[in-house]
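The values are calculated or read from the model by the stated rules, or taken from the named source; none is laboratory data. This structure is a prediction, so every number in the text was calculated from the model and none was measured. Neighbour counts run over all protein chains shown; Cβ positions are idealised from the backbone, glycine included.
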Amino acid sequence: MKRLEIDYSLKSMDVLVSLARYNFVNKIINNTDLKVLDYGCGSGYGTKLLKEKFKNVTSHDTYFDNYLPKDIKVETDIKNILKNKFDLITCFEVIEHMDESAQHQLMETMSNLLTNDGILFISTVRKMEPPPTQNRRDYHIREISFNELYDFCAKHFKTILTFGQIDQIISTFNTDNQYHFLFVCTNKKNK
């Protein structure tokens, strides 16, 4: 038997961690006919995974990096996104790249884009002082705590299920013992 040689890097681990969130959505949502938005899709790797399950997936990113997996089109104009309503939205690792005002606007936008029965999956890294990596120091404008994310969600949704993530494992958790938070928000509040 030959040994398995793995060229391990932190970047490859980040990919696996990110994909775990999309796999989580694919495993717990059974209706493949839902209209899905991957908001803040980056290069579209998560969109690609969502498209393996759902028939109607739109991807959006304002700061698109011009790399696309095959058959992925990223809508960069938010005005085109705002013309639609979605049954399911993923918004993974976006909110920490914004200042507080933009974070409030993001949550308002997510709520407005969802149908009345829609589901929002939103995640962020756990706030750490000081941020533990150079990437986080350079690109995370305002990291938020578990309670801050919960408060953002509670303003717009009646039901919030909270999960934590360490590496590829997503589970119920102790808030101080997780690296990422993943919330599933439903039952939009009427305004």
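Data overview
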quantity	calculated
Residues satisfying the stated conditions in region 36-51, i.e. of a type in the set (Gly, Ala, Ser) and either within 17 Å of Leu114 (Cα to Cα) or in a loop (DSSP other than H, G, I, E, B) (or both)	Gly40, Gly42, Ser43, Gly44
Residue within region 18-32 that is in contact with a Ser or Thr (Cβ under 8 Å, 6 or more places away or on another chain), of a type in the set (Ser, Thr, Tyr), at pLDDT 95 or above and under 21 Å from Tyr150 (Cβ atoms) present	no
Residues (among the aliphatic types (A, V, I, L, M) and at pLDDT below 90) located in region 118-156	Met128
Evaluation of Glu129 against (1) over 28 Å from Lys51 (Cβ atoms); (2) surrounded by 14 or more Cβ atoms within 10 Å (Cβ to Cβ) (one fails), failing number	(2)
Output for region 74-97, where each listed residue is aliphatic (A, V, I, L, M) and free of Cβ contacts under 8 Å to residues at least 40 places away in the same chain	Val74, Ile78, Leu82
Filtered residue count, region 141-159, keeping only those that are in contact with a Ser or Thr (Cβ under 9 Å, 6 or more places away or on another chain), outside any helix (DSSP H, G or I) and in contact (Cβ under 8 Å) with a residue 40 or more places away in the chain	5
